[in-house]
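No lab work stands behind these numbers, since they all come straight from the coordinates. As the structure is a prediction and not an experimental result, all values here were calculated from the model. Because the Cβ atoms are built from the backbone with ideal geometry, glycine has one as well, and the counts that use them run over all protein chains shown.
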Amino acid sequence: MKTPKTAKANARPFYQKHSAAELKEALRKMYLIRRFEEGAEEAYMRGLIHGTMHLSIGQEASAVGSTMALRNTDYITSTHRGHGHCIGKGADPKLMFAEFFGKEEGYCRGRGGSMHIADVATGNLGANGIVGGGLPIAVGAALAIKKQKRDDVAMCFFGDGASNEGAFHEALNMASVWKLPVVFVCENNKYGMSVSTERSMSVKNVADRAPAYGMPAVIVDGNSIADVAEAIEAATEHARKGGGPTLVECKTYRTRGHSRSDRNRYRTKEEIEDWKARDPIPHFEAELIAHGLASADEVTAIRVAAEAEIAAGIEFARLGTDPDPTEVTRDVYSPEAA
Amino acid sequence: MKTPKTAKANARPFYQKHSAAELKEALRKMYLIRRFEEGAEEAYMRGLIHGTMHLSIGQEASAVGSTMALRNTDYITSTHRGHGHCIGKGADPKLMFAEFFGKEEGYCRGRGGSMHIADVATGNLGANGIVGGGLPIAVGAALAIKKQKRDDVAMCFFGDGASNEGAFHEALNMASVWKLPVVFVCENNKYGMSVSTERSMSVKNVADRAPAYGMPAVIVDGNSIADVAEAIEAATEHARKGGGPTLVECKTYRTRGHSRSDRNRYRTKEEIEDWKARDPIPHFEAELIAHGLASADEVTAIRVAAEAEIAAGIEFARLGTDPDPTEVTRDVYSPEAA
Amino acid sequence: MSRELTYAQAIQEALAQAMEADPNVFLMGEDIGVYGGAFQVTGDLVHRFGEDRVMDAPISELGQAGVAVGAALAGCKPVLEFQFSDFATLAMEQIVNQAAKLRFMLGGKVNVPLVMRFPAGSGTGAAAQHSQSIDAWLAHVPGLKVIQPSTPHDMKGMLLAAIDDPDPVMVFEHKLLYKTKGEVPEEAYRVPIGKAHVARNGKHVTVVATSIMVHKSLEAAETLAAEGIDVEVIDLRTLRPMDTATIIESVKKTSRLACVYEGVKTLGIGAEISARIAESEAFDYLDAPILRLGGAESPIPYNPQLEKAAVPQVPGIIEGLRNLVTGRT
Amino acid sequence: MSRELTYAQAIQEALAQAMEADPNVFLMGEDIGVYGGAFQVTGDLVHRFGEDRVMDAPISELGQAGVAVGAALAGCKPVLEFQFSDFATLAMEQIVNQAAKLRFMLGGKVNVPLVMRFPAGSGTGAAAQHSQSIDAWLAHVPGLKVIQPSTPHDMKGMLLAAIDDPDPVMVFEHKLLYKTKGEVPEEAYRVPIGKAHVARNGKHVTVVATSIMVHKSLEAAETLAAEGIDVEVIDLRTLRPMDTATIIESVKKTSRLACVYEGVKTLGIGAEISARIAESEAFDYLDAPILRLGGAESPIPYNPQLEKAAVPQVPGIIEGLRNLVTGRT
Ligand SMILES: Cc1ncc(C[n+]2csc(CCOP(=O)(O)OP(=O)(O)O)c2C)c(N)n1
Ligand SMILES: Cc1ncc(C[n+]2csc(CCOP(=O)(O)OP(=O)(O)O)c2C)c(N)n1
Ligand SMILES: [Mg+2]
Ligand SMILES: [Mg+2]
């Protein structure tokens, strides 16, 4: 069965605006993210990689729905939970794996690891180990865009917990005062590590903070890629046209623990199961099929291909080049300047 | 003519609640602040004192109207523009002058100067040289109050400019989440140094930021002591009863420059003159007289007495004891612990 | 009747005993409650002492530090845990401008009795923003005391001393030490702040080491002993105020000094140790240059081999000391 | 055809020339526009270059630093003015975790070409929160370059070099130097980062000084010359990377070393200078302990006499050097 190129006229804008090819590409990225993280988790468990990692399993719709609106000359700043943003923005999973394995082929030549992956060529200015660290950096990138009179945007990912950092306040204020092309994407997964938003803030939504900066805000179902993408596309267009920043809050959930050390003492099994039932991937698949934009077989093919790509990526990474341990101080400074 | 003890029944609450003696004491403090700062300015000009200073001339109603609601066991944290808060809270101007003159008799034994004056005995935890520095400190003091099950409050003064600091955001959020007895008093004098609120934030009022913390906020005419005091008293009572923090924004103006280095290039003469015409002291005097709570002679007597006290304070300070220059490292650590 | 605890358990026991003894002591930090702390140091304390005394705070490091200062000024004794010492970079304003200076600026009229705990150091594969050693920064700041105990025993005793202390005390805890074990008495004893500890007597060279480097230096000393090189190892324990007298005395005996520390070599704590000896009466006793083995002039890399190469390891310490004693370079 | 400028004017001229030459250069900070800067360094530049290139920012130091990092990553060359170096304590996260480390963490895939300017030091009666010297902190951080020019000439040339530099450069400016004058060529010349300058030749003792202490040391040297003591004064100029070679060479000649700096003595820049010489080949040439004259172990006091007593002054430098050379203590 051949699927049509776009959805019927009664479908929501997301399905009309994007071609079936684009939508299937989005699904592919969601799978890549999911399998990437599962693969990384397994590699960690098998002792192949060290350190820590923060999995975004369950949050793939917000990562892909957001970055779909972007082109390579747009920037993103990401977080400690950044694999999804990275793949969404166009990074190659095998080079990400190479980074996890600490290899020269990795995006950061093995110097950065999970928390610092950046793919500058696709406009990803980097994950960040500091909660809130990327917020003012995105504002700075947007300032550069404005100065250079480009119609690009800077998309800034951050969590609900990060919205309690002073950096959030200062960044949103400056973006607003200077009317910069920033799209602030809050992935509100209900917890900053173990602390629920109820215990860390007195408002219900992070979006409730936007009016303090005279900034428009939207709240969306972060597990629905269509919801996310529609809001983000509007915010991005607004920013490109000089309208200034918007805050988009994606309500979502990480089904895995915060990091490897998490014993899940702060939330119930029921809550986790509830959210697992709202997995963004099957949700998207069902809509694609319902709108006649993809067949069940195509969906399976996408998943299988993603799995193969991930397996190949891990293999690539395993066989990568170890950095020379005498090169510790390499790249601390630029060679031209040393 | 003898003045009555309280105002008539049709007067606003401020004039009914407070006895004539209390109100005249408030006027006395406003005069003390004004004359203190004029005296300090003159001493500076004559080369008797060094460093810098930030005068609050024009803002006396907010300082006194706020601190009137407090007792000695309540705390305040103050700012670089803190002489008014200090006198309002009960400090002795002659010991403040001694500090300006760098003398052992000064509140800080001459170590702190204008920007660090604290009178711990009256609950003043100190002016602060860091914009926003006092905000989380006040929250901490309030946390201690709550832990100690006292019904005291911590009053936190800060400027419009300070509300752009990350410390503001973090402090208000924590105070609200933990429902602490803090009264946040924003003295919005339209400028953070040379930058107007229009250029530094996208909302009209600092109070517009309180909803981001689920915090009640009030805006008052900061040049009307009655306006200030009524709002502050309500906020203070609310806090004492466990109701949590409130933000009170006093719209006011500093008629002097930001500090000695200010050439007033960022505002017009007209604006300054407009605000001078709204001087809070004559305004209060007129109301006192109109309500029959003080006679013109009494007002004059208060002013003259304040002038005499200030002159005596300067004299006291001039004759104070110079610190021993070999004692530089004194009080860096506590003696018990050294 | 000896009892062993891990370094993390020793901290937890000190915190518990301090909270039992003084209702003004409370703990604050990120995920120190039901999560038990990122390194499980506070563990189950929240169940014993309640959420009011083991307080999870919003992710607001600057604010938390300021809250600690304010609470200390108002009569409490807060113990603030930073999740990683790296995040203290967000709180330097309150630590350095307020906590450290308030007593001085106010002419001695106040105390700021607070404790801040900083899990620090590399070795966990957490890369450049989660592996720093910023102890030297805080040791540069008058008004602060800075301790860096290396054993469970010293940790418990010094942490209790820190909580007693009327001034702000900064506690650096190496993450790789948390699971190391040692004898720890049950009672609430104190180990004084400001006193170094001679961890091994020797006569050929003095090593002044901090934190995990004490253990690496002791290991190196064992190897060298077999070669007839007798190493004295001083565990500095307190970075500020520094116990210079103990070092001087040792150098007068050994005539050789090496400083071993994990922080970046340049302006790390070894720079100060070296400079103090070079300006002291012990200078005349020195028979060789003062050796510093410190961290590389780079951020901490992620790759495990690079990560190890970025800080002193036992073989490098052995080699450095051997060359120092035998005069080779 | 010589022309004199003040130190502040030299900065302003460098900024103007850099902005003229490269449209990507812009200035940001608090009150640097119509106010002209707290120390009138940017002066009228806003009228020449407009508000887009001389940007007044909200009072948000951490945010500003992050904005500078982001703008640098995206192709601009921001020059950020902190109003006082003390306020940089609010921005350490972005300076140290981001600006300094990004290139390294990202495997060399990016540059962070930004400049941050820090008015620093005591002597203005502004007390403990407006008078600090935190240069040693930043000199401890790999990834940053740290300069501290002492003359209008070096300031202009090094600031232009800093703006050219692909890596983050931190510029410490002593507030008391702003009004000092010196010859400054009109063209846009460069003075290289990383090279110390022998400001005075001498044979009896080497003084390595930074910033305002260079001038105080030169003054001390004049007095001592009359006594027959011939002082060599090295203006360090760059704290990171440090030009150790020039110091070693000098110490080999003079056999005596003193470090004079305003920062707190403990772990101030003098600690590193001392330690580098004590571990170098120059050690064997040393005829006396290495003297450090640094700031007192206290915050900066308000009272003017105390304030002076808290940092090295000319009489103390004279006395210290005299004793060092004549062997008295
Ligand atoms: C400044 C800082 N503080 C604390 C941490 C430790 N930490 C890492 S992630 C995290 C929770 C962040 O919560 P949120 O922003 O909601 O993101 P999420 O993990 O839920 O995706 C914490 C506390 C950190 N990395 N940086
Ligand atoms: C952290 C910090 N940044 C900058 C300054 C310099 N500074 C002192 S007062 C001031 C303006 C503060 O504005 P606002 O909070 O509105 O108080 P106001 O001076 O108007 O009373 C500035 C920028 C400072 N002291 N601290
Ligand atoms: Mg979250
Ligand atoms: Mg203001």
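I want the antiparallel fraction of DSSP beta bridges within the range C:197-323, as a percent rounded to 5.
20
On C-alpha positions alone, give me the angle between the axis of helix D:7-21 and the longest principal axis of chain D, in degrees, nearest 10.
Approximately 40 degrees, to the nearest ten.
Using Cβ contacts closer than 10 Å as the measure, can you line up C:Phe283, B:Phe157 from fewest to most?
C:Phe283, B:Phe157
Quick one: among B:His54, B:His83, B:His283, which has the greatest mean-square fluctuation in a GNM of chain B with alpha-carbon springs under 10 angstrom?
Top of the fluctuation ranking is B:His283.
What translational diffusion coefficient, in µm²/s and rounded to a whole number, does the Stokes-Einstein relation yield for the range A:143-235 at 10 °C and a viscosity of 1.306 mPa s, taking the hydrodynamic radius as the Kirkwood radius over Cα pairs?
Using the Kirkwood radius from Cα pairs, D works out to 112 µm²/s.
How fast does the range B:1-160 diffuse by Stokes-Einstein, in µm²/s, taking the Kirkwood radius from C-alpha pairs at 4 °C and 1.567 mPa s?
Rounded to a whole number, D works out at 79 µm²/s.
Pairs D:Lys195/D:Lys252; B:Lys8/B:Lys276; B:Lys94/B:Lys241; A:Lys276/B:Lys179: which are spaced more than 24 Å apart, C-alpha to C-alpha?
Pairs exceeding 24 Å: B:Lys8/B:Lys276; B:Lys94/B:Lys241; A:Lys276/B:Lys179.
Taking springs between alpha-carbon atoms closer than 10 angstrom, which of C:Gln98, C:Gln12, C:Gln129 fluctuates most in the Gaussian network model of chain C?
Result: C:Gln129 has the largest fluctuation of those listed.
Sorted by mean Cβ packing within 10 Å, highest first, what order do the peptides B:302-309, B:209-216 take?
B:209-216, B:302-309
Among the lysines, which fall within straight-line cross-link reach of A:Lys269, defined as a Cα-Cα distance under 17 Å, with same-chain neighbours fewer than 8 residues apart omitted?
Cross-link targets: A:Lys190.
Between copies, how close do the D:Asp230 label points come, placed 7 Å along Cα→Cβ, listed in nm from shortest?
4.6
How about D:Lys77: which lysines have a C-alpha closer than 19 Å to its C-alpha, ignoring those fewer than 8 places off in the same chain?
Hits, sequence-local ones excluded: A:Lys146, A:Lys147, A:Lys149, D:Lys101, D:Lys109, D:Lys145, D:Lys156.
Take every residue in peptide C:77-89, count the Cβ atoms of other chains within 10 Å of its Cβ, and give the average of those counts.
That works out to 3 on average.
May I ask you to derive the FRET efficiency for B:Glu41 and B:Ala121 from their Cβ-Cβ distance with R0 = 22 Å, giving the value to the nearest 0.05?
Numbers: r = 27 Å, r/R0 = 1.21.
With a Förster radius of 22 Å, E is 0.25.
Which distances, in nm and shortest first, link the C:Ser2 label point to the same label point in every other copy, taking 7 Å along Cα→Cβ?
Those separations, rounded to one decimal, come out as 7.3 nm.
Counting other beta carbons within 10 Å of each residue's own, what order do A:Ile130, C:Ile248 fall into, fewest first?
Values: A:Ile130 26, C:Ile248 19.
By the 10 Å Cβ count, ascending, the order reads C:Ile248, A:Ile130.
Which one, B:Leu125, B:Leu48, B:Leu27, has the greatest fluctuation when you compute a Gaussian network model over chain B with C-alpha springs under 10 angstrom?
Comparing B:Leu125, B:Leu48, B:Leu27 in the GNM, the peak value goes to B:Leu48.
Quick one: if you take sqrt(5λ) for each eigenvalue of the C-alpha gyration tensor of chain C, what semi-axes come out, biggest first, whole angstrom?
33, 21, 19
Within 10 Å of each Cβ of C:118-128, how many other protein chain Cβ atoms are there on average?
The shielding value for this peptide is 4.
The range C:200-265 to the range A:163-242: how many Å between their Cα centroids?
Each part's Cα centre sits 53 Å from the other's.
Which one of D:Phe39, D:Gly263, D:Ile95 is farthest out on the positive end of the charge dipole of chain D, using unit charges on Cβ (Lys, Arg +1; Asp, Glu -1) and the Cα centre as origin?
Result: D:Gly263.
Just for the Cα atoms in the protein assembly as shown, what are the lengths along the principal axes, largest first, rounded to whole Å?
Principal extents (largest minus smallest coordinate, Cα): 102, 83, 82 Å.
Any idea what angle helix D:152-164 forms with the longest principal axis of chain D, computed on alpha-carbon atoms, 0 to 90 degrees, nearest 10?
Taking Cα atoms only, the helix is inclined about 50 degrees.
In peptide C:260-267, how many Cβ atoms from other protein chains are near each Cβ within 10 Å, on average? Before the final figure, lay out each step's value.
Values: counts 0, 0, 0, 1, 4, 6, 14, 16.
The per-residue average across the peptide is 5.
Quick one: compute the contact order of chain C, relative version, from alpha carbon pairs under 8 angstrom and 6+ residues apart, as a percent.
Result for chain C is 16 percent.
Divide by every residue of chain D the summed helix terms, -39500 (n - 2.57) for each DSSP H run of at least 4, and state the resulting mean residue ellipticity at 222 nm, rounded to the nearest 500 deg cm²/dmol.
The helix contribution divided over chain D gives -10000 deg cm²/dmol.
Based on the Kirkwood radius over alpha-carbon pairs, what is the Stokes-Einstein translational diffusion coefficient of the range D:197-323 at 10 °C with 1.306 mPa s viscosity, in µm²/s?
Numbers: Rh = 14.4 Å.
Stokes-Einstein gives a translational diffusion coefficient of 110 µm²/s.
How high is the relative contact order of the range A:5-318, in percent, with contacts defined as C-alpha pairs under 8 Å that are six or more residues apart? Mind dumping the intermediate values first?
Values: 633 pairs, mean separation 74.0, N = 314.
Value for the range A:5-318: 24 percent.
For the range B:193-338, what is the relative contact order in percent, using Cα pairs closer than 8 Å and at least 6 residues apart in sequence?
It comes to 19 percent, rounded to a whole number.
What ratio of Cα Rg to 2.2 N^0.38 Å holds for the range C:2-185?
Dividing the Cα radius of gyration by 2.2 N^0.38 Å gives 0.95.
Consider the operator that turns chain B into chain A: which B residue has a Cβ nearest its axis, and what is that gap in Å?
B:Gly166, 1
Which of the listed residues, C:Asn111, C:Ala226, C:Gly194, is farthest toward the dipole's positive end in chain C, when Lys, Arg count +1 and Asp, Glu count -1 at the beta-carbon?
Sorting the options by dipole projection puts first C:Ala226.
Any idea what the D:Ala188 label distances to the other copies are, label 7 Å down the Cα→Cβ vector, nm, shortest first?
6.6
How would you rank C:Phe49, C:Phe82, D:Phe104, going from fewest to most other Cβ atoms within 10 Å of each one's own Cβ?
By the 10 Å Cβ count, ascending, the order reads C:Phe49, C:Phe82, D:Phe104.
Report the net charge of residues surrounding B:Val332, where surrounding means a beta-carbon distance below 12 angstrom and charges are Lys +1, Arg +1, Asp -1, Glu -1. Walk me through the intermediate numbers first.
Numbers: positive: B:Arg111, B:Arg330, C:Lys101, C:Arg103, C:Lys145, C:Arg240; negative: B:Glu327, B:Asp331, C:Asp167, D:Glu297.
Summing Lys/Arg as +1 and Asp/Glu as -1 gives +2.
Could you tell me the largest-minus-smallest coordinate of the C-alpha atoms of chain B on each of the three principal axes, in descending order and whole angstroms?
In descending order, the Cα extents are 60, 52, 45 Å.
If you take every DSSP beta bridge fully contained in chain D, what fraction is antiparallel? Give it as a percent rounded to 5.
Around 20 percent of the beta bridges assigned by DSSP in chain D are antiparallel ones.
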